[in-house]
Amino acid sequence: MNKAQLIDAMAEKAGLSKADAKKALDAFIDATTDALKGGDRVALVGFGSLSISERGARTGRNPQTGKEITIPAKKVVKFKAGAELADAVS
């Protein structure tokens, strides 16, 4: 499902116009992004939680040459599914 399909589904299920569903989705994405940038955790009970984790620097290999390279440390977003979501998809 891409963003346009998600907007269509949100509009249909919530009885909103597609424009309102797009505004709601964009606001959710912006608020979630701002919270994660600030180091906060975003928890949606039953759905799951998003958090930031630090991935340390490590050594890897260039697949074309086999030469060792250093992969720098970076922050990554982690998602942990909630119990209801996990039960629904299993």
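Local charge for T33 was computed over the other residues whose Cβ lies under 14 Å away, with Lys and Arg +1 and Asp and Glu -1, and equals -1. For the chain, take the longest principal axis of its alpha carbons; what is the angle in degrees between that and the long axis of helix 3-14, to the nearest 10 within 0 to 90? Its long axis makes an angle of about 30 degrees. In this structure V76 has an accessible area near 30 Å², from a 1.4 Å probe over the protein heavy atoms.
Accessible surface computed residue by residue for region 40-89, with neighbouring protein chains in place and a 1.4 Å probe, gives 82 Å² per residue. Between (i) -0.59, -0.75, -1.32, -1.40; (ii) -0.50, -0.61, -1.10, -1.18; (iii) -0.60, -0.75, -1.18, -1.22, which entry matches log10 I(q)/I(0) by the Debye sum over Cα atoms at q = 0.12, 0.14, 0.24, 0.26 Å⁻¹ as derived from the coordinates of this structure? Among (i) -0.59, -0.75, -1.32, -1.40; (ii) -0.50, -0.61, -1.10, -1.18; (iii) -0.60, -0.75, -1.18, -1.22, the one calculated here is (iii).
Net charge near V76: determine it from the other residues with C-beta under 10 Å of the C-beta of V76, scoring Lys and Arg +1 and Asp and Glu -1. Summing Lys/Arg as +1 and Asp/Glu as -1 gives +3. Note on T70 and L36: their simple-model spin labels are 2.7 nm apart, each label 7 Å out from Cα toward Cβ. Could I have the simple spin-label model distance between A81 and K3, label points 7 Å from Cα toward Cβ, reported in nm to one decimal? It is 2.5 nm. Here the sum of -39500 (n - 2.57) over DSSP H runs of 4 or more residues, divided by the residues of the chain, equals -13500 deg cm²/dmol at 222 nm, to the nearest 500.
Counted without the sites themselves, the longest stretch of the chain free of trypsin sites (Lys or Arg not before Pro) in a DSSP loop having at most 13 other beta carbon atoms within 10 Å is 1-40.
The angle separating the long axis of helix 18-37 from the principal Cα axis of greatest extent in the chain is about 40 degrees.
The values are calculated or read from the model by the stated rules, or taken from the named source; none is laboratory data. Source: prediction; values computed, not measured. As a convention, Cβ positions derive from the backbone with ideal geometry for all residues, glycine included, and neighbour counts pool all protein chains shown. Accessible surface areas use protein heavy atoms only, side chains included; no ligands, DNA or RNA. Shrake-Rupley method; radii C 1.70, N 1.55, O 1.52, S 1.80 Å.
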